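Trainee: Here it is: the structure, laid out below.
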Amino acid sequence: MKTLKDAQVGQTVTVARLNGTGPVKRRIMDMGITKGVQIYVRKVAPLGDPMELNVRGYELSVRKADAEMVEIN
């Protein structure tokens, strides 16, 4: 399955599932990334990390390591 890390700039994706456990998963959920939410990939830093997203009407920067825990459709 594809993860948020694989999403391209300008693409809108839907979260299918969150992987991870404990505080890491909780932190991702606290940022507003939950199952069923749509995420727009706004841009990616020149060296590839972090990536800037639009989630629920606000901008969010996420490291690739965290983006890898979010499965998308």
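The values are calculated or read from the model by the stated rules, or taken from the named source; none is laboratory data. For clarity, every value in this text was computed on a predicted model and none was experimentally measured. Methodologically, a virtual Cβ is constructed for each residue, glycine included, from the backbone with ideal geometry; neighbour enumeration extends over all protein chains shown. Surface areas here come from the heavy atoms of the whole protein model, side chains and all, with no ligands, DNA or RNA. Shrake-Rupley method; radii C 1.70, N 1.55, O 1.52, S 1.80 Å.
Trainee: Among Gly22, Gly10, which is the only one that is open to solvent by 40 Å² or more (accessible area, probe 1.4 Å) and under 21 Å from Asn73 (Cβ atoms)?
Mentor: Unique residue meeting the criteria: Gly10.
Trainee: Output the residues belonging to the range 25-43 that are farther than 14 Å from Thr3 by Cβ and of a type outside the set (Lys, Arg).
Mentor: Hits for the range 25-43 are Met29, Asp30, Met31, Gly32, Thr34, Gly36, Val37, Gln38, Tyr40.
Let's see how each residue does on (1) touching a Lys or Arg at 6+ places or on another chain (Cβ under 8 Å); (2) open to solvent by 90 Å² or more (accessible area, probe 1.4 Å); (3) among the aliphatic types (A, V, I, L, M):
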{"site": "Met29", "(1), (2), (3)": "no, no, yes"}
{"site": "Val41", "(1), (2), (3)": "no, no, yes"}
{"site": "Glu59", "(1), (2), (3)": "yes, yes, no"}
{"site": "Lys64", "(1), (2), (3)": "yes, no, no"}
